[in-house]
Amino acid sequence: MLVGVCDFPGGYAFPPAGYGGIERWLWAVAVGARAAGADVHLLGPGWLPALEPDWVRKPIRLEDVTAGSLTERELKAAGYDLLVVGHEYPSLPAWVRTWSQLECEVATFQHSPVFQHAATAFDGTRSRLYCYSPEMIERYAVHLPVQELAVHLGVNEEEPPATQGRDLVWLGRIDEEKAPHLAVRAAQLLGRRIRIVGPVFSEDYVRSHEKLLSADNVEWIGELGGPSKTGAIRDASVFVYTYARTYVEAGAAVFGESLRAGTPMAALTWREGTCAQAALCDRTGVTTAVPPEADDETAARALAEAIERAADLDHTEVQAIGQQRFHPMRHFKAMAAASC
């Protein structure tokens, strides 16, 4: 089986060193495809040149290919069975034109809760859309989506054996949508320290919650990648997950990252059917759903209770489950099932 994993124009490398959701997902697909025995071509100029000679890297983007050109003929002659691409591309006419000449399948994962696809983008067989949660399946039902847990991976992020850990950790982009101030307040209520890991996307958000985010129990780590990122998660007793009331999480990487490292999760949600409920079970984490009309203090207290319960979970068992549910090869096989 020959699989092409396509990059896209953006501000992050493929694979990224730290933050970068879709880029990390595409790398996990490439790693999983190779582990499953497929031949893999990394398509597009965004893939790091240092990946050669271990990987076949072809700096070609389908949307840039001219009809009838030598490049198009070479792509067709390669005999791709499956292309995996960012969620926007099956709705991009220039990309679809080239793909239609290749007579192969395409699969993508919905990483945005608001992107509108072309009506003809997916037929459920040759072109397939995958979504993380029941909430996302409902939003994209017209496109015949398949529910599947996304797997994300960075370079040199292999997880060592789980450890019991200490303190709490929150990881993600720091802005209003991700709402880390709720995690900080929950940690305060428990009298526990919390490490905040990730890039600041909104200085205004940080200023608006300055008293909480600068409290004595908060340690700011900044953005991490590779072994440092894995270590920050593994060394925590509980990973605390939050987001804002109106935000819809399309497919957060942190669930797989935390469980593969053996760190149980305490997740705050505002409704049922979210990514947290899809990703976690009673042996890997605790999810609390708080009505969106509740104030921040009520939400933080509910989250604090979830943290206390999650702290009792066995880290070794969490890791065993996480390594199975969020394994790149399992993920690729699920996405490629219609091709095999």
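The values are calculated or read from the model by the stated rules, or taken from the named source; none is laboratory data. Just so you know, these numbers come straight off a predicted model, no measurement behind them. As a convention, Cβ positions derive from the backbone with ideal geometry for all residues, glycine included, and neighbour counts pool all protein chains shown.
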The range 230-277, subset touching a Lys or Arg at 6+ places or on another chain (Cβ under 7 Å) and of a type in the set (S, T, N, Q), residue surrounded by the fewest Cβ atoms within 10 Å (Cβ to Cβ):
S237
Would you pick out the residues in the range 109-143 that are hydrophobic (A, V, I, L, M, F, W, C) and either in contact with a Ser or Thr (Cβ under 6 Å, 6 or more places away or on another chain) or within 15 Å of S91 (Cα to Cα) (or both)?
F109, V114, F115, A118, A119, A121, F122, L129, V142
Here, helices (runs of 4 or more DSSP H) confined to the range 147-214 with at least 2 residues that are out of contact with any strand residue (DSSP E or B) (no Cβ under 7 Å at 6 or more places or on another chain) and without any contact (Cβ under 8 Å) to a residue 60 or more places away in the chain are 203-208, 210-213
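Here's the yes/no breakdown for (1) surrounded by fewer than 22 Cβ atoms within 10 Å (Cβ to Cβ); (2) at pLDDT 95 or above; (3) assigned to a helix (DSSP H, G or I); (4) outside the structural domain of K229 (by TED's automatic domain parsing):
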| position | (1), (2), (3), (4) |
| --- | --- |
| Y12 | yes, no, no, yes |
| I22 | no, no, yes, yes |
| W25 | no, yes, yes, yes |
| A28 | no, yes, yes, yes |
| G32 | no, yes, yes, yes |
| P45 | yes, yes, no, yes |
| A50 | yes, no, yes, yes |
I'm checking my understanding of the structure. Among residues of the range 88-106 that are more than 27 Å from the chain's Cα centre (by Cα) and of a type in the set (S, T, Y), which one is nearest to V65 (Cα to Cα)?
T98
